[in-house]
Structure formats: C-alpha cells, structure tokens
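Heads up, the thing below is written out as structure tokens.
A short reminder: the numbers here are calculations on the coordinates, not readings from a lab. Just so you know, these numbers come straight off a predicted model, no measurement behind them. Note that we place each Cβ from the backbone using ideal geometry, even for glycine, and neighbour counts take in every protein chain shown.
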Amino acid sequence: MNQSIHGRIDRFTTDALGLYLLPALAALLPWSLGFAWLRRCARSERLYREAADPAWVAARVHFPGSDEKSWKYRFRLLRLVDHADVYLTLLRGRRWRARNILVRGAWPDPGACVLLTYHWGTGNWIWPLLRERGFDAFFLARRAQGRSLGLTRLSHWFGRFRGWALRRIGSNGALFTGGSSGDVTAALRAGHCVVGMLDLPAQPQQSAAQLALLDGQVRFPVGLARLGAEAPAQIALFSFGLDFQTGRRDLCIESMPQNLTAAQVMERYAAHLDERLRAAPEAWQIWREAPSMFVPIQTDSN
C-alpha cells in the first residue's frame, strides 16, 4: 500500500514539474534563458522516466551505436520544449517566430489541402503559421480513451489545456478518426485544410501501407492521404525540428506535385520521416509504439 501511494505521489510530482512548472517558467523567461533552463532540467533522469525508458529500449534496436545517457537527455529536452510550446505559442508573436523559426520549403496556396506531419519534433508552432498564411485548418486525431492523456489528473488536465490552447492560436479543432472520412471530405470541399499525423500503429479497421523506414518496414494508416488524393486537394508534408543547442526551430515543408496517388504520397511520407529520424531519432515522441508498427522480419524456416 505504501509503495502504491509513493508511486502515485511520484507520478503526480513528475507531472507537476514536467507539464506545468518547468515548461511554464521557461516560457516566461527570454527564450535564450528559458531554453538554457530546460537544458539544465533535462539532465534529471527522473523526469519523464516512464516515457524515456521504453522509448530508449525501442530506439536502440535501430540505432545500436547510440549512447543511452545522451539519447535520453535529448529525448527529455525535446519533451520539455514541446510542453513549453503550449505556453510559448500563447505568449509570443510574429517577431519571436521570425527570429526563432527557420523555414525551408514553401506552403501550397491557401485553400483545400491536406498537410501530413509526424509525432517528431515540436509541432505546436504550426498553427499560428498556418493562420498567418491564410489556412483555415482542422486536425485529425484519435479520440482520447481511458488514460491516453496520462496517468494522473494533472496530465489529463494538461491534455485538455493543450486542446484549448490550439484553438486560441489558430486551429479549428479536431476531426476524430473512426468514421471521419465524411467530415474530412466535407472540410476539403469547403476549402478547409486538414492536418494529420499518420505515424501511428494502424488500427484493425484501417487500410494501411507497408513502407520502408530505417532498417525495416512499417505499416502506416493511409486514409487521410487517400482522401486528399481523391478530393483532389493540395498535399504537403511538414516536420518541425528542434536545434538541441540553441532552441531554434527548423520547419521543413515539402509540397507534393499534383495528381499523385495515395501510395506515392505515402512513399514520400515515409522517406521524409526516415530523413528526420536519422538526423535526430530522439525527437520521435512515439518510440514506445514503434515495435507494433514495424513488420517482423520473415526468416526462412529451412
């Protein structure tokens, strides 16, 4: 009983620090000081341990030469910055973004489009940028179930706060998967933009594509790419990286040519992620899900 109580207190304390106190303080400081503060905080091996340990176990299979201590440090720092962004995007404006976000590539023209991204890097900044560009954007998400928002009330509240903040900084809100194809199609026909992350384990009811990633094959759901190709709508890929030394962001945009099939879009989708993962594998926030995404290698029983 005492161990159970101690475990709950430990999780509560970790969430209070990792979701609220540390990132909020960093967001209130000038960013050079705030980022230096987060770099110092990321040294604590206690922080995000329940996420970092299984992430490292999954990642080291694909990056056997990595140093565990350095890898976990960067993984923790990325998460701290990602949480700080919930506060930063509410507190900072256009001039801050101009100084701290390096943009490579160009957006498609405003209008009906599908923007595909990843659980890699720090993507919260995309919403004010899309609003400035003239996009009217929804995002595709899986509906939260059980403890998918976290193990404590603090993590659940943070998930709800993050959803509220997204609307404040430019998002129209969520379209939930599971019978959402009609909503996505209607949004595209009305000239809206739909943002989606497809780097998740495909659900049994979802159509999926098997694609090359790192040293293996993965299965990604293809529904949103298919709807974008059939609409037809403009399609672009983007990823939001973090410079682990300076705290600046690296937005990479890749607009797709017209008339690509869903299969062609997904091939490029996986290639874009592959490039980003090889450069910064610690920035993939869903490593613990990776084992269920990679297709087991078939061996010859003979």
- Whole-number percent relative contact order across region 2-293, with pairs defined as alpha carbons under 8 Å at least 6 apart: 25 percent
- Task: Can you bin region 52-129 into rounded, prolate or oblate? Criterion: square roots of the alpha carbon gyration tensor eigenvalues sorted a ≥ b ≥ c, rounded for a/c under 1.5, prolate for a/b above b/c, oblate for the rest.
- Result: prolate
- With the dipole of the chain worked out from charges on the C-beta (+1 for Lys and Arg, -1 for Asp and Glu) around the Cα centre, which of 77, 174, 108 lies farthest toward the positive end? 77
- Query: Where q = 0.09, 0.10, 0.15 Å⁻¹, what log10 of I(q)/I(0) comes from the Debye formula for region 2-293, counting one point per Cα?
  - Reply: -0.43, -0.53, -1.27
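Dipole magnitude of the chain about its Cα centre, charges +1 at Lys/Arg Cβ and -1 at Asp/Glu Cβ only, in debye to the nearest 20? Write out the running numbers ahead of the final one.
Details: 38 positive and 25 negative charges, 254 e Å.
Here the chain has a charge dipole of around 1220 debye.
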